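The values are calculated or read from the model by the stated rules, or taken from the named source; none is laboratory data. Remember, it's a predicted structure, so these values are computed and weren't measured experimentally. Note: ideal-geometry Cβ built from the backbone for every residue, glycine included; neighbour counts use all protein chains shown. Keep in mind that these areas ignore ligands, DNA and RNA; they rest on the heavy atoms of the full protein, side chains included. Shrake-Rupley method; radii C 1.70, N 1.55, O 1.52, S 1.80 Å.
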Amino acid sequence: MRVVTLPQPDDFDAWRDAARALFSDATPPENVIWQVGDAPTDLFAADEPTPPPPPGPAFTVPRAFLDLARSVVLSREPERFALLYTLLARLRFEPRLIDDRADPLVRKLDRFAKDVRRDIHKMRAFLRFREAPDGDTTRYVAWFEPDHHIVRANAAFFVNRFASMRWSILTPDVSLHWDGAVLSEGPGATKADAPEGDPVEEVWKTYYASVFNPARVKIGAMLKEMPRKYWKNMPETALVPALIAGAQARESGMIAKAREDIGGNSQIAWEALRDEAKGCTRCPLYKPATQTVFGEGPVDAAMMFVGEQPGDQEDLAGRPFVGPAGQLFDRALGVAGVDRSRTYVTNAVKHFKFEQRGKRRIHAKPGAGEIEACRWWIEQERMLVRPQVTVALGATAARSLFGRVVTIGRERGHPMTLPDDQGDGGGTAWITVHPSYLLRLPDKAQAEDEFARFVEDLRGAWATIG
Ligand code: URA
């Protein structure tokens, strides 16, 4: 029997290192006891060691498994480490298992991951700070009781949102302390350690203002999102004039530094964001569409492509750029030498806008209001992925990224600085045409010329990635 001791209950890296070692020795899952510190977490392991099976064929762990494991490790289910290792061991001989949603083990782990993501979202939505004296200054302190081990994974989110304040988040397992530049960790606390009283309105306003980037927000759409009956009493609504004036500035330097300090949890944050986007009702396009088509690709991608909106096939598949425009896009990427799997691909608008003609759904161009409403998601995606270069495919994408009408013919094919540039090299954009423009060109020679120009633009942008 092998006993694996992980230092923390949410330590994905430690689990992965241990699993890798066990896997390379072909240690069967039933011969492993997983524990955190000195507390056994896996009470279900067999008592009797079983002989190890012969080593299996070498294999690459599917990315989907790693994504799943990163979330599952944060669960409070005691069997999570053992079940993940069981799944890993089975994947060697059943490479497609991770996609089999009917498999009871995959289903169970999916449920763990979903619970974790919901908990992450709940912490973001419901945590409230209260004011506490701290020497000559003020510290903002919040008490929160998460269901799972999500506190560290959520740290970057709160640093982003409250970068310029001194705050502490107290939970039963661990405390986080932010002093405006450095994030530190302390032991768990009790509710009695947190100040009582009403949540601090100013803080909540800051939070609100940073969530809704004031330079970009559509006030009407914003208020529509808040149930009308709450308007009068909510501190956020008092902020509206300031938001209109664009009075809030983000403390972007600190945010960038904090991200570097913390790192590592972008994938989970991205999954939580994607799940949130599934229920998006920011504009009416969600009603007739089949589903939200969120971006896809590695969260640490150096290049991001932004298209216009999903088409008919993307709406059905739930993935961007898989229809005819996507196929042309893939061909152009191939010629340009760009590896799509290393890029993050998304759209300015996340729902398919169409007109129904008989049985056919005909693409309709998204309007300025729809682009504006959906910009929230692009901003969040850009904050998480932080690509070195973002390529706007067509006018809708360029408008969304630059917040103004951009003439493609004039601006294409060279680097431009995005308005959200934070001086960290993440604010560069290239603009080019949309692949569907190329599909529509009736003249064959012109279509070939334009395709070649498109490829040149892609090649140029890709060449700038360090
Ligand atoms: N056109 C887009 O802009 N995006 C897609 O995902 C598909 C077609």
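For the peptides 163-170, 430-437, 311-318, the ranking by packing is 430-437, 163-170, 311-318, with the highest mean count of neighbouring Cβ atoms within 10 Å listed first.
Ligands, DNA and RNA excluded, the heavy atoms of T343 present near 0 Å² of accessible surface to a 1.4 Å solvent probe.
Share of region 369-411's accessible area from carbon and sulfur, percent, 1.4 Å? For region 369-411, the apolar C and S fraction of the accessible surface comes to 49 percent. The listed residues R70, R410, R404 rank as R410, R404, R70 when sorted by accessible area, largest first, using a 1.4 Å probe. Would you please give the FRET efficiency between E448 and M1, computed as 1/(1 + (r/R0)^6) with r the Cβ-Cβ distance and R0 = 56 Å, to the nearest 0.05? About 0.25, to the nearest 0.05.
L183 sits with roughly 50 Å² accessible to a 1.4 Å probe, with DNA, RNA and ligands left out of the calculation. Across region 127-193, Cα-Cα pairs farther apart than 19 Å form 24% of the total.
Ordered from highest to lowest accessible area with the whole protein assembly present and a 1.4 Å probe, M383, M1 read as M1, M383. Here the accessible area of region 290-351 is 48 percent carbon and sulfur, with a 1.4 angstrom probe and all protein chains present. Placing R90, R360 in order of accessible area, with the largest value first and a 1.4 Å probe, yields R360, R90.
Calculated accessible area for region 368-466 comes out at 43 Å² per residue, all protein chains present (probe 1.4 Å; ligands, DNA, RNA ignored). H121 sits with roughly 70 Å² accessible to a 1.4 Å probe, with DNA, RNA and ligands left out of the calculation.
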